[in-house]
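Read the structure below first, then the notes.
The values are calculated or read from the model by the stated rules, or taken from the named source; none is laboratory data. The model shown is predicted, which means the values in this text are computed figures rather than measured ones. Backbone-built Cβ (ideal geometry, glycine too); neighbour counts: all protein chains shown. Side chains included, ligands, DNA and RNA excluded: accessible areas come from the protein's heavy atoms. Shrake-Rupley method; radii C 1.70, N 1.55, O 1.52, S 1.80 Å.
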Amino acid sequence: MQYISTRGLAPPLQFDDVLLEGLASDGGLYVPDKWPQLSESEFAKLKNLSYPDMALEIMYPYIGDVIPREILKDILFEAYANFSNSQIAPIKRIDDSTWLLELFHGPTLAFKDYALQVVGKLFNYVLEKKKKTVTIIGATSGDTGSAAIEACKNKDAINLFMMHPKGRVSEVQRRQMTTVESSNIYNIAIEGTFDDCQDMVKLLFSDQEMREKYNLSAVNSINWARILSQIVYYFWAGISLHSSNKKLKFIVPTGNFGNIFAGYAAHKMGLPIHKLLVASNENNILTRYLNTGNMTALDVKSTLAPSMDIQISSNFERLIFDVYNQNGTNVREAMNAFRKTNSIRFSEESWEIICNLFDGFSASDQLIRETILRFYETKGELIDPHTATGIAASLVNENNTDTNTVCLATAHPAKFPNAIKDSVGFSPEVPKQLKRIFQKEEKFTVLPNDFGEVKNFIYKNNNR
Ligand SMILES: *Cc1c(COP(=O)(O)O)cnc(C)c1O
């Protein structure tokens, strides 16, 4: 299996180099040159496997000779060993046609752990094998940061610089990042938005001097290994709920388009997904695009679901590349035009193909609160504000009995106590993983949204 860049200029790479590089050198994202296909018999074999065993079957074809199967198996079993639910990703029935796929049983209580716990261990293995060290630079709208820090702490071969938009992540999210004691972790609060932080990562990556001196690497959802790890739970739920007379639909709270792109990959591998629904908060660029064919970035709004306060969904480029039949030149031109004007109309044909599989739904803060309350009153369960955008979407087609709908629950409600309190009038119970972060001292550095200052900080603190 080879990986190619969506912009067509970077050299094709094997899995281990794609893992370490993150972003391709031409500014594009790496994708597999073909989608592995699961035959009927392979499909049947997946049924009844444990989560890590299923992960092995799904992920191994993408990794091939680069990591021996036995070692990959160990990595996967270790990665999921400390999850708090023995099912890893339990599937909870809501009604006859709706399920909640709970993806918040990892160490930082959001779905990011399902990939990053694996990715941290993959990094360690590959770096040891290559006798290399890396500097990982990341941007987080909240949950990636803590999950990445948790996955990389105390790993000698890695230095991690994590940027978050100052004052725009929840207190729990910030404390989860800034209270981890590990000498290889640096938290930076940027005076700007998440998109500014994400742009900063791209700028640092395009700085040849930095790239070469420090072996820059990324663990944002632009890193292919994260998407790959996330494909697994689409199969996990899809196979468990498979029924020959019902269609399968996933509703995915979406920001950077990484999670839902993993669903697309599962579809391309042969999982019979009928619809993928992009649920968002008021930052609804993707819903507007699906409705009109125009992708136009507006200013980022702060909402109750901060991990999705994003206008530019980086991973959408992977979808466009696939739908453009892997024409890197066309993608490069389109993305450059989008950069310049913040607006783009991709080809009409691509829009039609995308609309056949994807739907969009956008929830206001008001609707998020109402949905959290309604779900609590009718089902007795608390959901977090990101999950609520998806549940709100599922309620629109409530009586759709020919379809099994799986709503991805992307975070534990206790990560967002204020939004929960605003909605139901009381705060969720605090799980033990979160109690200790309120007793510890925070460590982070505030920097302006300025390339020179950020670069300087990394130079000063990087002891590689
Ligand atoms: C990151 C995140 C999302 C958005 O996922 P993308 O892969 O960026 O689309 C949704 N919900 C929660 C809780 C998150 O942390």
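Worth pointing out:
- The Stokes-Einstein estimate for region 313-464, based on a Kirkwood radius over Cα pairs and taken at 25 °C with 0.890 mPa s viscosity, is a diffusion coefficient of 122 µm²/s.
- Estimated from helical segments only, the mean residue ellipticity of the chain at 222 nm is -14000 deg cm²/dmol, where each DSSP H run of four or more residues counts as -39500 (n - 2.57).
- Carbon and sulfur %, accessible surface of region 323-413 computed with the full protein complex present, 1.4 Å: 44 percent
- Rel. contact order, % - alpha carbon contacts under 8 angstrom, at least six apart, region 260-318: 31 percent
- Prolate/oblate/rounded label for region 339-421 (Cα gyration tensor, a/c 1.5): oblate
- Solvent-accessible heavy-atom area per residue, rounded to whole Å², over region 52-169 at 1.4 Å: 33 Å²
- The relative contact order of the chain, computed from alpha carbon pairs under 8 Å that lie at least 6 residues apart in sequence, is 19 percent.
- Pair-distance profile P(r), taking every C-alpha pair of the chain, with 20 angstrom steps and integer %: 26, 62, 12, 0
- Scanning residues 5 or more positions from Lys247 or on other chains, those with amide H under 5 Å from its amide H are Thr403, Asn404, with H placed 1.01 Å from N in the peptide plane.
- Probe 1.4 Å, protein heavy atoms only - accessible area per residue of region 220-362 in square angstrom: 33 Å²
- Reduced Cα scattering model of region 18-86, Debye log10 I(q)/I(0), q = 0.26 Å⁻¹: -1.19
- Solvent-accessible surface of region 400-444, averaged per residue with a 1.4 angstrom probe and all protein chains in place: 54 square angstrom.
- Protein accessible area in region 160-313, 1.4 Å probe - carbon and sulfur %: 45 percent
- Relative contact order (%) - criterion: Cα under 8 Å, at least six apart; region: region 86-162: 27 percent
- All distinct Cα pairs of region 203-336 go into the 1/r average, and the inverse of that average, the Kirkwood radius, is 16.6 Å.
- Calculated from backbone phi, Karplus (6.51, -1.76, 1.60) coupling profile of region 69-84 in Hz, x at Gly/Pro: 4, 5, 5, 4, 4, 4, 4, 5, 5, 5, 4, 9, 5, 9, 6, 8
- From phi via Karplus (6.51, -1.76, 1.60), per-residue ³J(HN,Hα) for region 431-444 in Hz, x at Gly/Pro: x, 5, 4, 9, 4, 5, 5, 7, 9, 9, 7, 8, 9, 7
- For region 47-170: rounded, prolate or oblate by the Cα gyration tensor [a/c cutoff 1.5]: oblate
- Size descriptors for region 77-121 (Cα atoms only): Rg and Dmax, in that order, 11.7, 39 Å.
- Note on the chain: dipole from Cβ charges, positive end direction compared against Thr179, Phe361, Ile320; the farthest Cα belongs to Thr179.
- When peptides 412-420, 192-200, 78-86, 39-47 are sorted by average Cβ neighbour count within 10 Å, with the highest value leading, the order is 412-420, 192-200, 78-86, 39-47.
- Each residue of region 308-318 was assigned a 3J(HN,Hα) from its phi angle through the Karplus expression (A = 6.51, B = -1.76, C = 1.60, θ = phi - 60°), giving 10, 7, 9, 9, 9, 8, 3, 6, 4, 4, 5 Hz with x at Gly and Pro.
- When both region 398-464 and region 158-223 are represented by their alpha-carbon centers, they are found 14 Å apart.
- Shown for region 1-63: the carbon plus sulfur share of the solvent-accessible area, taken with all protein chains present and a 1.4 angstrom probe, equals 51%.
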